[in-house]
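The next block holds one structure in the form of structure tokens; read it before the comments.
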Amino acid sequence: IRCWSNIPFITVPLSRAHGKSFAHRSELKHAKRIVVKLGSAVVTRGDECGLALGRLASIVEQVSMLQNQGREMMIVTSGAVAFGKQRLRHEILLSQSVRQALHSGQSQLKDMAIPVLEARACAAAGQSGLMALYEAMFTQYSICAAQILVTNLDFHDEQKRRNLNGTLHELLRMNIVPIINTNDAVVPPPEPNSDLQGVNVISVKDNDSLAARLAVEMKTDLLIVLSDVEGLFDSPPGSDDAKLIDIFYPGDQQSVTFGTKSRVGMGGMEAKVKAALWALQGGTSVVIANGTHPKISGHVITDIVEGKKVGTFFSEVKPAGPTVEQQAEMARAGGRTLAALQPDQRAEIIYRLADLLTDQREEILLANKKDLEEAENKGRLALPLLKRLSLSTSKLNSLAIGLRQIAASSQDSVGRVIRRTRIAKDLDLEQVTVPIGVLLVIFESRPDCLPQVSALAIASGNGLLLKGGKEAAHSNQILHHLTQEALSVHGVRDAVQLVNTREEVEDLCRLDKLIDLIIPRGSSQLVRNIQKAAKGIPVMGHSEGICHVYVDTDASVEKVTRIIKDSKCEYPAACNALETLLIHRDLLRTPLFDQIIDMLRVEQVKIHAGPKFASYLTFSPSEVKSLRIEYGDLECCIEVVDSVQEAVEHIHKYGSSHTDVIITENEKTAEFFLQHVDSACVFWNASTRFSDGYRFGLGAEVGISTSRIHARGPVGIEGLLTTKWLLRGDSHVVSDFSEHGSMKYLHESLPLPQRNAN
């Protein structure tokens with residue numbers, strides 16, 4: 001805790017030796033000293049007369065938040081000219097004589113011309129008001145602000161430079177936010193040919209160059225330049241092919257076309273890039289971003305400091321491989337080539353991958369051993385996640401069998417005709433299956449997920465982006481290498497990409513122009529985070545696996561303990577493991593109930609009592625805190641219900657629509673349960689663990705979906721396909737089918753082509 005003027009605020013651990021800029025966005029959270037440059041387009045209103053007060057208040061709030069974290073914030077601001085122009089225009093209108101206004105008439109008064117205002121006069125009139133506004137806003141957060149006006153001459157005089165440097169350091173030491181601006185009331189025009197003469201000199205001819213100069217002089221960690229464009233584009237923003245450049249490297253200027261400058265202000269994007277590169281050379285990291293967009297301006301500064309993918313980040317370190325955007329484009333191109341292959345060619349790729357899993361078993365297990373050792377040494381994974389991380393010979397053999405099932409079942413998946421209709425004579429319509437496009441699969445601790453999902457993507461002709469957890473980095477690397485080796489059989493190596501860059505999951509979820517479907521495989525928290533972060537991209541999956549088993553009064557003694565044991569104890573970390581056991585009230589204090597409890601104790605399952613169950617017991621187990629818990633371990637909740645109807649109601653209230661089971665010999669009761677439980681998978685006298693793509697005969701699954709649109713339950717090849725319509729005609733036009741036209745609609749159903757018997 002630091003204190004200033006008796007106001008405590010929390011600090012974050014921030015320390016960095018200045019001299020080298022940050023290499024990656026993720027490191028920006030360590031920035032201690034930050035300069036925020038506010039361009040004229042950010043500070044002023046659209047009419048250029050007056051300030052954008054709401055936007056400015058939001059910026060002050062973000063700067064205050066970072067200041068109160070212990071960072072040292074400085075603002076380089078425009079806006080004095082615009083604010084002064086507003087004040088002077090108002091004064092000119094008021095100074096018109098009453099007589100002139102009366103004689104002019106109302107209509108002429110409206111059209112009264114206002115003289116062109118000289119910028120220096122506007123700046124002189126606006127500086128004090130602008131600063132007063134900043135002071136009022138920062139006061140709301142108990143932060144003091146101080147104004148500093150500079151000109152280019154101040155940087156040429158060594159004594160003035162030292163004075164400025166000392167003043168800024170003293171203000172920062174006292175937890176005061178310096179607000180710096182060029183003194184536009186007296187500033188001389190820039191000297192010709194004096195810009196960027198070497199690393200040590202940059203002429204201050206606009207606030208971009210001023211911000212860069214101050215950032216380097218003050219050994220600042222980060223310079224944030226806010227303008228009215230999202231960042232740097234490879235061609236003028238607004239053109240059809242313009243793409244935002246995520247990371248800009250020195251030497252990339254040749255790949256960029258600069259457009260016109262913003263509607264107000266002295267510098268355009270070219271000036272910003274020159275200033276940014278100069279600051280980067282001086283050891284300051286730079287981000288250029290949009291400070292005017294209403295959806296992001298309220299958190300643009302904090303997002304940048306948190307390392308989120310906002311604007312264009314300037315870095316001196318080029319990554320070894322392609323960017324994630326380039327990988328997504330490669331996956332789309334590769335996926336389209338993959339979809340164009342013959343079915344037996346796609347199957348051949350999957351058979352080859354299955355063979356590689358067994359042939360390269362030792363290399364895979366060696367890489368997996370490294371992951372397990374690192375995870376155990378760091379102690380960062382819970383036991384259930386460690387179990388998911390572990391690979392074995394039997395797991396690899398099962399994987400290979402599953403992949404061969406996928407290959408065998410994929411012969412007619414892509415391009416299958418599912419509907420044929422004769423619209424009219426010689427006008428036939430077909431609906432055929434096609435790939436969804438590019439899939440992003442994000443998974444935790446499950447390296448076996450990589451070949452499973454890859455095989456399903458290959459079978460369905462989809463491009464694939466894979467983002468695995470760092471805890472499985474070695475395993476994922478070799479499995480992806482083997483996948484690409486198999487894809488090379490038919491020249492589609494790029495169709496499956498493994499994201500190895502430091503991309504945050506939230507940033508990946510924003511690539512709505514490149515990704516068509518996100519499939520999370522991991523904890524309920526991961527799924528919820530992805531569902532929250534996804535912007536315009538559908539998410540297929542389930543956030544929780546709260547699976548129930550209901551034991552009815554007519555349950556078979558032999559079947560009950562067998563099914564419960566398998567559902568809970570066979571693999572407790574799985575999403576399809578039993579979490580809540582519902583017991584009919586009439587079974588309490590019966591031999592069957594005692595057998596269930598004894599079996600759970602032998603298997604070392606910790607029991608939590610539901611509220612009703614606890615009320616029947618004198619000495620009950622710990623009462624459950626919530627009936628909506630996915631334990632993912634050898635723990636479960638037991639609750640009592642009075643009927644199958646109450647069991648169904650309990651499942652609907654507390655379940656996650658994943659998998660629910662009834663154990664009973666009463667067929668009528670079982671059918672009631674099967675028909676009324678609204679879950680993706682509902683079973684009768686079978687373990688919850690059967691809810692699995694491999695066990696369903698799908699070969700494997702990309703996940704289990706609890707949504708009600710497109711795919712539900714274990715999602716195999718069929719869930720990764722969509723459809724398109726093919727219409728074949730012969731000079732048909734809609735006007736021929738009008739009331740007085742020559743043609744009539746037939747809408748006849750036609751037989752479907754024979755499916756492949758294999």
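The values are calculated or read from the model by the stated rules, or taken from the named source; none is laboratory data. Please read all numbers here as calculations on a predicted model, not as lab measurements. Neighbour counts are summed over all protein chains in view; Cβ atoms, including those assigned to glycine, are modelled from backbone coordinates with ideal geometry. Keep in mind that these areas ignore ligands, DNA and RNA; they rest on the heavy atoms of the full protein, side chains included. Shrake-Rupley method; radii C 1.70, N 1.55, O 1.52, S 1.80 Å.
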Charges only on Cβ, +1 for Lys and Arg, -1 for Asp and Glu: so what's the dipole of the chain about the Cα centre, in debye to the nearest 20?
-> 1480
What angle do you read, to the nearest 10 degrees and between 0 and 90, between the alpha-carbon axis of helix 119-139 and the longest principal axis of the chain?
-> 50
Angle between the Cα long axis of helix 473-487 and the longest principal axis of the chain, 0 to 90 degrees, nearest 10?
-> 80
Rounded to the nearest 10 degrees, what's the angle between the helix 591-602 long axis and the longest principal axis of the chain, both from Cα atoms, 0 to 90?
-> 50
Have a look at L634, L465, P572 and report the one farthest towards the positive end of the charge dipole of the chain, computed about the Cα centre with Cβ charges (Lys/Arg +1, Asp/Glu -1).
-> L465
How large, in percent, is the carbon and sulfur part of the accessible surface of the range 665-730 at a probe radius of 1.4 Å?
-> 50
Among Y550, S657, S622, whose Cα sits farthest toward the positive end of the charge dipole of the range 548-701 (+1 at Cβ of Lys/Arg, -1 at Cβ of Asp/Glu, about the Cα centre)?
-> S622
Could you work out the local net charge near S626, counting Lys and Arg as +1, Asp and Glu as -1, over the other residues with Cβ closer than 15 Å to its Cβ?
-> -2
At a probe size of 1.4 Å, how large is the accessible area of W725, to the nearest 10 Å²?
-> 130
Can you tell me the FRET efficiency between R120 and A320 if r is taken as the Cβ-Cβ distance and R0 is 45 Å, rounded to the nearest 0.05?
-> 0.30
Under 5 Å between amide H atoms, partner at least 5 residues away or on a different chain: which partners does L498 have, H built in plane at 1.01 Å?
-> L466
Whole-percent carbon and sulfur contribution to the accessible surface of the range 340-396 (1.4 Å, no ligands, DNA or RNA) stands at 48
When the charge dipole of the chain is computed with +1 on Lys and Arg Cβ and -1 on Asp and Glu Cβ about the Cα centre, the Cα farthest towards its positive end, among P435, L482, V305, belongs to V305
Put one equal scatterer on each alpha carbon of the range 274-363, apply the Debye formula with no solvent term, and list log10 I(q)/I(0) at q = 0.12 1/Å to two decimals.
-> -0.69
Normalised contact order of the chain, rounded percent, pairs of Cα under 8 Å and 6 or more residues apart = 11
With every protein chain kept in place and a 1.4 Å probe, the chain has an accessible area per residue in Å² of 46
If you bin the C-alpha pair distances of the range 413-560 every 10 Å from 0, what whole percents do you get?
-> 10, 31, 26, 16, 13, 4, 0
³J(HN,Hα) across the range 159-164 via Karplus (A = 6.51, B = -1.76, C = 1.60, θ = phi - 60°), whole Hz, x for Gly/Pro?
-> 5, 5, 4, 5, 5, 4
Taking H placed 1.01 Å from N in the peptide plane, check which residues at least 5 places from A146 or on another chain put their amide H under 5 Å from its amide H.
-> V177, I179
Percentage relative contact order, the range 548-701, counting C-alpha pairs under 8 Å, at least six apart | 30
Percent of alpha-carbon pairs separated by more than 19 Å within the range 352-411 = 41
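Please state, as a whole number in µm²/s, the translational diffusion coefficient that the Stokes-Einstein equation yields for the range 621-666 at 37 °C and 0.692 mPa s, with Rh defined as the Kirkwood radius across alpha carbon pairs.
Values: Rh = 12.2 Å.
Using the Kirkwood radius from Cα pairs, D works out to 268 µm²/s.
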Using heavy-atom solvent-accessible surface (probe 1.4 Å) with all chains present, what is the largest-first order of Y351, Y631?
-> Y351, Y631
Pull up the cross-link candidates among the aspartates and glutamates for K308, meaning alpha carbon to alpha carbon under 18 Å and not fewer than 8 places away within one chain.
-> E27, D221, E230, D246, E325, E503, E504, E506, D507, D512
Stick to the Cα atoms of the chain, pair each with every other, and give me the Kirkwood hydrodynamic radius in Å at one decimal.
-> 31.0
Placed amide H near F683: partners under 5 Å, 5+ positions off or other chain = D660, V661, I662
In Å³ per residue, the alpha-carbon convex hull of the range 604-758 encloses 236
Sorted by accessible area with a 1.4 angstrom probe, largest first, how do F690, F138 fall?
-> F690, F138
Anchor K32: lysines whose Cα lies under 16 Å away (excluding residues fewer than 8 positions away in-chain) = K20, K219
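What translational diffusion coefficient, in µm²/s and rounded to a whole number, does the Stokes-Einstein relation yield for the range 497-631 at 10 °C and a viscosity of 1.306 mPa s, taking the hydrodynamic radius as the Kirkwood radius over Cα pairs?
Stokes-Einstein gives a translational diffusion coefficient of 90 µm²/s.
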